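The values are calculated or read from the model by the stated rules, or taken from the named source; none is laboratory data. It should be emphasised that the depicted structure is a prediction, and the values quoted were computed from it without experimental measurement. Cβ atoms come from the backbone with ideal geometry, glycine included; neighbour counts cover every protein chain shown. Surface areas here come from the heavy atoms of the whole protein model, side chains and all, with no ligands, DNA or RNA. Shrake-Rupley method; radii C 1.70, N 1.55, O 1.52, S 1.80 Å.
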Amino acid sequence: MTSPQQTPSADPAESRTIVHVLRHGEVHNPKGILYGRLPGYRLSVTGQAQARTVASVLSSHDITHVVASPLQRAQETATPIADTHGLTLATDDNLIEAANDFEGLKVSVGDGALRRPRHWWKLRDPFTPSWGEPYLQIAHRMLAAVNTARVAAVGHEAVCVSHQLPVWTLRRFLQGERLWHDPRHRQCGLASLTSLVYEGDTLVDIVYSEPAGASDPRVTGA
């Protein structure tokens with residue numbers, strides 16, 4: 001894969017545009033629940049440091065547009081990047097976390113909701129999935145957000161701050177892979193970048209990087 005550095009072009013139809021899809025940083029979640037779209041979940045001290053690190057790494061990039069999910073943790077991750085580039089942070093509801101029927105519950109192996117038979121029916125279909133927002137719907141709304149950001153930053157770079165499942169679903173969709181998957185194998189660490197490189201309207205490369213370091217995708221509520 002190529003390096004996600006900007007190569008500007010005068011013709012928008014031939015311009016190289018990069019859309020960095022950023023997962024938010026670590027969240028303060030002392031109860032270890034699946035918080036989903038619940039309000040009030042802010043970045044932890046570590047998450048704040050991760051956000052600053054990503055902002056520093058991207059400070060030399062030609063970023064002209066920064067947009068985030070409306071959830072607090074995404075807004076807080078995006079703010080240092082927008083501030084570094086003197087940009088107004090935009091919000092796009094299409095970048096929001098996936099809806100999930102287990103929101104507000106513990107779902108770790110060995111404890112919580114998954115031990116209770118009354119919840120098992122929700123697991124009947126892992127392909128759609130039956131417990132939450134359909135993967136295809138997630139992919140389509142994420143792609144809509146990316147396309148909006150790409151147009152806003154044509155010939156330059158944009159940053160879209162979202163959440164692990166939406167980012168990973170988008171990547172699998174763009175790579176032509178099946179959308180159902182094993183969550184333990186997601187390549188989408190905390191504060192990681194999935195950079196989409198476009199030549200005109202054509203996606204030519206996907207570059208994954210972890211500027212704030214690696215993290216475990218199996219940690220619930222990270």
Requested in this report: For region 116-123, state whether one or more residues are closer than 20 Å to HIS181 by Cβ and at pLDDT below 85.
Outcome: yes
Query - Considering residues of region 64-106 that are of a type in the set (Gly, Ala, Ser) and assigned to a loop (DSSP other than H, G, I, E, B) only, the residue farthest from VAL45 (Cα to Cα) - result: ALA99
Query raised in the report: What do you reckon, is GLN137 at pLDDT 90 or above and assigned to a loop (DSSP other than H, G, I, E, B)?
Result: no
Query - Test result for ARG52, at pLDDT 90 or above and open to solvent by 60 Å² or more (accessible area, probe 1.4 Å) - result: yes
**Report entry** Selection from region 187-206 of residues that are open to solvent by 40 Å² or more (accessible area, probe 1.4 Å) and not hydroxyl-bearing (Ser, Thr, Tyr)
**Finding:** GLN187, GLU199, ASP201, LEU203, VAL204
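For region 26-43, what are the residues that are in contact with a His (Cβ under 8 Å, 6 or more places away or on another chain) and either open to solvent by 10 Å² or more (accessible area, probe 1.4 Å) or acidic (Asp, Glu) (or both)?
Once the filter is applied, which keeps residues that are in contact with a His (Cβ under 8 Å, 6 or more places away or on another chain) and either open to solvent by 10 Å² or more (accessible area, probe 1.4 Å) or acidic (Asp, Glu) (or both), region 26-43 yields TYR41, ARG42.
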Report task. May I ask you to list pairs of residues, at least six apart or on different chains, whose Cβ atoms are under 7 Å apart, with the first in region 183-203 being part of a helix (DSSP H, G or I) and the second being basic (Lys, Arg)? Result -> ARG184/ARG218
Query raised in the report: Only one residue in VAL161, VAL154 is touching a Pro at 6+ places or on another chain (Cβ under 6 Å) and either of a type in the set (Val, Ile, Thr) or surrounded by 16 or more Cβ atoms within 10 Å (Cβ to Cβ) (or both). Which one?
Result: VAL154
Query raised in the report: Which condition breaks for PHE173 when tested against (1) under 12 Å from the mean Cα position of the chain (by Cα); (2) surrounded by fewer than 20 Cβ atoms within 10 Å (Cβ to Cβ)?
Result: (1)
